[in-house]
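Engineer: Below is one structure. I have some questions about it.
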Amino acid sequence: MGKIKRTKLLDREHDRRDTKLFIVATEGKETEKQYFRMFKSTRIKVEILATTEDGKSSPEYVLERLDTFKERYDLTDDDMLWLVSDVDRWGDKKLSSVCSQARQRSYNLAISNPCFEVWLILHFEDINTQDRTCDNFKARLRIILGSYNGSNLDISAYKPKTKDAVNRAKNLHPSSQQDWPPTLGTHVYRLVEILLKSLGSDC
């Protein structure tokens, strides 16, 4: 059986010839999916492959979702596949193996240390180095925003500040050679920077 045409992924408002596809496989089930929805446009389509109810969220399962998607759809060279994961609890050995496999497949990496909430905080301020765990960063977001629920993001709070987040994250870890930030930080800026440029909003 042949692959499914990529146009099946596009909505009616997309220009089916020129729309660029971003396939983003995420470790999280809700937070990342909600965040990346704000880049909806007629010029780009962000297809989110989030963790499902089976709870298979470790990096090798995130990689597996990208592999399955690529096998299923007839993508073009301009379409980009991204692995969005956390350092968190997975350990360097497991993460290093997944990153190596992803690079061999020409997938892009957007990994946060320790978690995606670091990226969210950088929309508003620099990282407080006293914060070390995901719970610390979630608590920090509650202080900044008054409340925080990863399953119900207030996208309007983040959307005007995406360029600020890109600049702060890039200043922390500008090296393109790193698979993930060796210290507190996030490489999600690599993906968001390209999304913004594709939308005609240069950082």
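Engineer: Report the antiparallel proportion of the DSSP beta bridges in the chain as a percent, rounded to a multiple of 5.
Structural biologist: Of all bridge pairs located within the chain, approximately 10 percent are antiparallel.
Engineer: Tilt of helix 59-72 relative to the longest C-alpha principal axis of the chain, in degrees (0 to 90, nearest 10)?
Structural biologist: On a 0 to 90 degree scale, this one is about 20.
Engineer: Could I ask something else about it? At 1.4 Å probe size, with the rest of the protein present, what percent of the exposed accessible area of the range 48-203 is carbon and sulfur atoms?
Structural biologist: Of the solvent-accessible surface of the range 48-203, carbon and sulfur hold 42 percent.
Engineer: Starting with the highest mean, order 33-44, 147-158 by the number of other Cβ atoms within 10 Å, averaged over the residues of each peptide.
Structural biologist: 33-44, 147-158
Engineer: For the range 80-203, rounded, prolate or oblate, judged on the Cα gyration tensor with a ≥ b ≥ c (square roots of eigenvalues), a/c < 1.5 rounded, else prolate if a/b > b/c?
Structural biologist: Judged from the Cα gyration tensor, the range 80-203 comes out oblate (a/c at least 1.5, b/c at or above a/b).
Engineer: Grab the Cα-Cα distance for Ile4 and Thr42, subtract it from 0.36 nm times how many residues apart they are, and report the gain in nm with one decimal.
Structural biologist: 11.6 nm
Engineer: Same structure, new question: Give the accessible surface of the range 17-168 per residue, rounded to a whole number of Å², with probe radius 1.4 Å and ligands, DNA and RNA excluded. Please report the intermediate quantities before stating the final value.
Structural biologist: Values: 7490 Å² over 152 residues.
Accessible area per residue: 49 Å².
Engineer: Multiply the residue gap between Gln130 and Lys29 by 0.36 nm, knock off their C-alpha separation, and tell me the result in nm, one decimal place.
Structural biologist: Contour length minus the Cα-Cα distance gives 33.6 nm.
Engineer: Here is a further query. Cα to Cα, under 17 Å, and not fewer than 8 places away if on the same chain: which lysines meet these conditions relative to Lys8?
Structural biologist: Qualifying lysines at Cα under 17 Å: Lys20, Lys40, Lys45, Lys70.
Engineer: Between the helical axis of 92-104 and the dominant principal axis of the chain, each derived from Cα atoms, what acute angle in degrees is found, rounded to the nearest 10?
Structural biologist: 30
Engineer: Against the longest principal axis of the chain, how steep is helix 162-172, in degrees 0 to 90 to the nearest 10, with axes from Cα atoms?
Structural biologist: Around 70 degrees separate the two axes.
The values are calculated or read from the model by the stated rules, or taken from the named source; none is laboratory data. Bear in mind the structure is a predicted one, so any value in this text is a computation, not a measurement. When we count neighbours, we look across all protein chains shown, and the Cβ atoms used for this are built from the backbone with ideal geometry, even at glycine. SASA here: full protein model, heavy atoms, side chains in, ligands and nucleic acids out. Shrake-Rupley method; radii C 1.70, N 1.55, O 1.52, S 1.80 Å.
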